[in-house]
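Down below is the structure, laid out as structure tokens.
The values are calculated or read from the model by the stated rules, or taken from the named source; none is laboratory data. It should be emphasised that the depicted structure is a prediction, and the values quoted were computed from it without experimental measurement. Counting neighbours? That spans all protein chains shown, and the Cβs are built from the backbone with ideal geometry, glycine included. The protein model used for the area step is the full one, side chains on, heavy atoms only, and it has no ligands, DNA or RNA in it. Shrake-Rupley method; radii C 1.70, N 1.55, O 1.52, S 1.80 Å.
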Amino acid sequence: MTSGPQDKAGGNSRRILRVLVLAFGVLMVAVLVGLGTWQLFRLQWKLNLIARVEQRVHATPVPAPGIAHWPSINAVSDEYRRVQISGIFRDDQATLVQAVTELGGGYWVMTPLVATDGSITLINRGFIPREQGRAIASGPTGSVTITGLLRMTEPHGGFLRRNDPSTGRWYSRDVAAIAAAHKLDNVAPYFIDADAMPKRAVADLGAQPTGGLTVVAFHNNHLVYAITWYVLALMLAAACWHVGQEKTTD
């Protein structure tokens, strides 16, 4: 039987459609391979970051960055750096920030520390349980030296909950907002998570916040994501090959 003009037109349409589908499929394979490769680059970046942070956390403490270095402070080069600072606590201007730790729910105790040059650094003295209420045990009197980890400010609040300074409800350690609420000037753009106090010092001072609870952990699912993208690319490539092998009858 001889094919008519309509049959030929239909066959041409199917061939054009197949070519378009194949072209789109090849494009998507390239995109998926690109996404997988990007995740491998992210994996290497994350591994380097983890290595740098691990080195910082266990390094010998260095002086906390002073006023001259504040403008250049950033998370990449400074966060989790082990630092040391001296000054006098202002217990009357402490701020309680809601927290959930391995010890349960409660508060971080954020207390200003005034250095000899008049600069102020917020110190996270540690955790107090919610059962303790809002009572804050006074810190050491006189000049003290604090060792801990430098942390970047946490602006705006927690997940779906904004800080409310007017009612004293804090969900994140927002340095600028806490400083403004207490009318503090010359405040460092970071805070310091204090190490745990020696047991003897705690016994001498009474009930104290529990320091040293900083969680240093990074989500690292980049390898899983890379494998997922590559598998999808392989599956799509197989589908394209199958479509390319199909015969279109005239």
Compute the orientation-averaged projected area for the range 114-154 from the convex hull of its Cα atoms and round it to one decimal in nm². 4.2
Starting from the residue with the highest accessible area, list 241, 38 in decreasing order, probe 1.4 Å. 241, 38
Suppose we look only past 17 Å in the calculated P(r) of the range 79-135. What percent of the Cα-Cα pairs does that tail hold? 45
Within the accessible area of the chain, what % is carbon and sulfur when the probe is 1.4 Å and the other protein chains stay in place? 61
How do 152, 235, 197, 110 stack up against each other in accessible area, from largest to smallest, with a 1.4 angstrom probe? 235, 197, 152, 110
For the chain, what is the accessible area per residue in Å², given a 1.4 Å probe and the full set of protein chains? 60
Just from the alpha-carbon atoms, what are the Rg and Dmax of the chain in angstroms? 29.2, 105
Normalising by the residue count of the chain, find the relative contact order in percent from Cα pairs under 8 Å and 6+ residues apart. 26
Of 143, 219, 129, which is farthest along the charge dipole of the chain in the positive direction, counting Lys and Arg as +1 and Asp and Glu as -1 at C-beta? 219
Estimated Rh, the range 41-119: Kirkwood, alpha-carbon pairs, angstrom: 15.4
Rounded to the nearest 5, the percent of antiparallel DSSP beta bridges in the chain equals 85
Using only the Cα atoms of the range 14-158, each taken as one equal point scatterer with no solvent, compute I(q) by the Debye sum, divide by I(0), and report log10 of the ratio at q = 0.13, 0.15, 0.17 Å⁻¹. -0.75, -0.91, -1.09
Keeping all protein chains in position, work out how much accessible area residue 21 exposes to a 1.4 Å probe, and write it in Å² to the nearest 10. 70
Using each residue's phi in the range 146-151, evaluate 6.51 cos²θ - 1.76 cosθ + 1.60 at θ = phi - 60° and report the 3J(HN,Hα) Karplus result to the nearest Hz, with x for Gly and Pro. 10, 10, x, 9, 6, 10
Net charge dipole size for the chain [Lys, Arg +1 and Asp, Glu -1 on Cβ; Debye, nearest 20]: 580
